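Reading through the structure tokens given below for one structure.
What follows is calculated from the coordinates using simple rules that are stated; it is not laboratory data. Keep in mind that this is a model prediction, so the values were computed, not measured. When we count neighbours, we look across all protein chains shown, and the Cβ atoms used for this are built from the backbone with ideal geometry, even at glycine.
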Amino acid sequence: MDRNVAEKLVLELKKHPRVSSIAKEFVGALMSVGVKDSLRFYEEIPSNQELLDDGGKYHYLSLRRVLRNKNAFLKEVSELKLVGRYLAGKLHIYSSDILSRALRENSEMVDMIFSSLNAGNEFSILGKFETYDSSRGNSEPIVHIERPILVIPGMMEAKSESLSKILQWEEANISRRREGKIFGYAI
């Protein structure tokens, strides 16, 4: 990916209200992604992660997928994939692949991605924001929350309707689970 495009995407990421305080420089990770012309909707981003220690809460931000805005057409999903998504949700399995498909099934998200494309933005980002909360003491289980982070350039302005829709989509796709402890160690 071109440096200017990567820098623009990172600036948009820093506007996201969930991650603005820890969104550091992911430019290098984005530049390492091969985004040549393809029919694929997304490309995986190599391992990258930022950490914030928030007094008993640990937050990790990682970028997972570069989305090709021009390939964000609305797509129907087979029944088998719907069953897979249902099971993944019940088992609290976070999957960037499943979330990428879910984006293409949501007409509001597809419309925003195409609006971004029409404004000259070729790419968007799908990331993951994890929180481990052990602030309630050693006897309580650790709460593990995995939330998608969606960045659509031009749609990230504070208090905008588009950002509100993005945050609603993210909230609908959160995975929460409690991780127990045995002898003080998480299991």
Contour excess over end-to-end distance, with Cα ends at residue 2 and residue 119 and 0.36 nm allotted per residue: 40.3 nm
Projected label distance in nm at residue 143 and residue 168, using a 7 Å step from Cα toward the beta-carbon: 2.4 nm
Computed lengthening from residue 24 to residue 161, 0.36 nm per intervening residue step minus Cα-Cα distance: 46.8 nm
Added length on full extension, which subtracts the Cα-Cα distance from 0.36 nm per residue, residue 73 to residue 43: 9.2 nm
Cα→Cβ-extended label distance, 7 Å offset, between residue 107 and residue 60, nm: 3.8 nm
